[in-house]
Amino acid sequence: MEIATVVKANGGCRRRLLRLKCSVKDYAWGTIGSDSLVYKVYTANCDDRIDSTTKRPYAELWMGTHESGPSYLEEDADGSSGVTLRSWINENPESLGDRVLEKWGCDLPFLFKVLSVARPLSIQAHPDKVLAKKMHKAHPNLYKDDNHKPEMALAYTQFEALCGFIPLQELKSVIRAIPEIEELVGSEETNQVFCISEHDEEKVKSAVRTIFTLLMSAGPDTTKQIVFKLKRRLHMESQERHLTEKERLVLKLEKQYPNDIGVISAFFFNYIKLNPGEALYLGANEPHAYLFGECIEVMATSDNVVRAGLTSKPLDIQSLCSMLTYKLGFPEILKGTRIRPYITRYLPPFEEFEVDVCDLPSGASTVFLSVPGPSLLLVIHGEGRMSTDASADEVSVGDVLFVPADTEIQLKSSSDLKLYRAGVNNRFLYSL
C-alpha cells in the first residue's frame, strides 16, 4: 500500500492509509516465543524471520505515537525509513480532524496494544491528569509523561485479572476467613469494617483505605512471616476442604512471587475472568493486575504506572495507597454493541478511545464509515482487500494501518478475517 498523504482530486480531499511498523516489548511476564499472540503479530508486521524456538518473552505490541514504543511508517519503495507516525502527523495535522487537533494537539490521543500475559503483572494503578503532572515533574525518569491513562482490555482468549476492591459484604467475609489480615493490620482497624454500613460511602472508603494502607506498608520481615503462615494454613486446610477460587489463586501467586505483599492484597480485589469478546475498562486511580491470557488493549497515550506488589520493578506503595479511589464493587463488563453487519463496538466512558471488532466471514464485505477522527487498524487473523476512495490493497495478519480522519473503508475478505479498529470515542467526536 502506497504511503501518501492527503491529495486533491476532483475538488475534494482523498485520503490514503499508512502502513506501520510497530514496537514490541519483552517484559518478563510475557508469553515465550511462538506461543505468544504478540510474537505472531509482530513477526508478520515486521517481516523478520525470528526463531520460533526463541526463549524471549513477547509481552506487548505497541501501535501509536508514544515515545517509549513509537510506530514507524513502512519503508518507501526506495528503501528509506525512520519516519515515525508522530512526526508524520506533525507534518499532516489535518489527518487528525479538527476536534481532535483542538482537544489534544498534534498527536494521537490513544495508544493501541496487543498483550500476551503468561504470568501476573504488578498490582498497579495509573494516575489522573493532576497527579501525572506532579509525578512526571518530580520523577521524569520513572513517570515518562504527564498524561492520565484510562484503559480498556478486550479479551482475545479467556483473560484473567484482579480489578477494583470487592464489595463491602465480601470484604467482611474475607476478614473473617483470613486471620492473617487481622494479624497484619490489627484488630482495631479490621473491626471498623464490621461497624459501618455500605450506605455510608465515605466511612467505607476511609476504613478500606486505612486497612489496605497498613497491609501494603508492612515491612519485609513481617510480610515474609505472614505469607508463610497463610501458605501453610491453606495447604493444611486443602486436605480437609476445597479451597475457594481466590485461595487457589493466592497460592499460585505465592509460587510466582514468594514473600510479596501482593499475595495477601489479592484478597481485596475482584477476581475477573473475561471470555473472548468481553471487555474490562479502568479509570484513573483504580487498582488492578492482569494475570493471564491475551487481549487487545487501548488507553490514553501514556505509560505511567504506579506499582505496589507482584513485581521486581520499583515500588511506590505510599503513592499508590494515597491515590486510589477506594470505590467498592464489581466492575462493569462490556460485551459490545453491533453497529452494522460483522462489526461490534466497545464504548468505554473515556473521550480518548473506543474499539470496533470486525469478524468477517470468507467472501463477505463490510464498511467502516468515515468518522471525524483518526483510527488505527490491526489485522489479527485472515486476509482481505481494503479500499478507500484513493487506494486499494490486500491486507493480512500483522498489518497495522493509520486511517486519517474522514476516511471511509470498504473491506472484503478472502478468508475468515478478524480486524480491530481503535479510534477516538464517538461520544466525543459527535458531542455538541
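So, in the stretch 331-343, exactly how many residues are crowded, with 17+ Cβ neighbours inside 10 Å and of a type outside the set (Gly, Ala, Ser)?
Residues in the stretch 331-343 being crowded, with 17+ Cβ neighbours inside 10 Å and of a type outside the set (Gly, Ala, Ser): 4 in total.
I need the full set of residues from the stretch 399-432 which are small (Gly, Ala, Ser) and assigned to a loop (DSSP other than H, G, I, E, B), in order please.
Once the filter is applied, which keeps residues that are small (Gly, Ala, Ser) and assigned to a loop (DSSP other than H, G, I, E, B), the stretch 399-432 yields 405, 414, 415, 431.
Among the residues of the stretch 331-346, write down those that are over 24 Å from residue 358 (Cα atoms) and assigned to a strand (DSSP E or B).
none
Out of all the residues in the stretch 407-427, which are under 24 Å from residue 92 (Cβ atoms) and either surrounded by fewer than 17 Cβ atoms within 10 Å (Cβ to Cβ) or in the same structural domain as residue 62 (by the TED database) (or both)?
If the condition is that a residue be under 24 Å from residue 92 (Cβ atoms) and either surrounded by fewer than 17 Cβ atoms within 10 Å (Cβ to Cβ) or in the same structural domain as residue 62 (by the TED database) (or both), then 408, 410, 426 are the ones that fit.
From 276, 287, which residue is under 23 Å from residue 422 (Cα atoms), under 19 Å from the mean Cα position of the chain (by Cα) and at pLDDT 95 or above?
276
Scan the stretch 351-369 residue by residue and report those that are crowded, with 17+ Cβ neighbours inside 10 Å and in contact with a strand residue (DSSP E or B) (Cβ under 7 Å, 6 or more places away or on another chain). Spell out the reasoning first.
Narrowing the stretch 351-369 to residues crowded, with 17+ Cβ neighbours inside 10 Å: 351-360, 366, 368.
Answer for the stretch 351-369, where residues must be crowded, with 17+ Cβ neighbours inside 10 Å and in contact with a strand residue (DSSP E or B) (Cβ under 7 Å, 6 or more places away or on another chain): 352, 353, 354, 355, 356, 357, 358, 359, 360, 366, 368.
Looking only at the stretch 204-212, decide whether some residue is of a type outside the set (Lys, Arg), modelled with pLDDT of 95 or more, in contact with a helix residue (DSSP H, G or I) (Cβ under 9 Å, 6 or more places away or on another chain) and exposed (fewer than 13 other Cβ atoms within 10 Å of the Cβ).
Taking every residue of the stretch 204-212 in turn, none turns out to be of a type outside the set (Lys, Arg), modelled with pLDDT of 95 or more, in contact with a helix residue (DSSP H, G or I) (Cβ under 9 Å, 6 or more places away or on another chain) and exposed (fewer than 13 other Cβ atoms within 10 Å of the Cβ).
When the residues of the stretch 95-112 are narrowed to those that are more than 30 Å from residue 56 (Cβ to Cβ) and part of a loop (DSSP other than H, G, I, E, B), which ends up nearest to the chain's Cα centre (by Cα)?
Across the stretch 95-112, the extreme among qualifying residues is 109.
Tell me, please, whether a residue that is at pLDDT 95 or above and more than 27 Å from the chain's Cα centre (by Cα) can be found in the stretch 418-429.
Within the stretch 418-429 (the criterion being at pLDDT 95 or above and more than 27 Å from the chain's Cα centre (by Cα)), the answer is no, since none of the residues qualifies.
The values are calculated or read from the model by the stated rules, or taken from the named source; none is laboratory data. Note that this is a predicted model, so its numbers are computed, not measured. Neighbour counts are summed over all protein chains in view; Cβ atoms, including those assigned to glycine, are modelled from backbone coordinates with ideal geometry.
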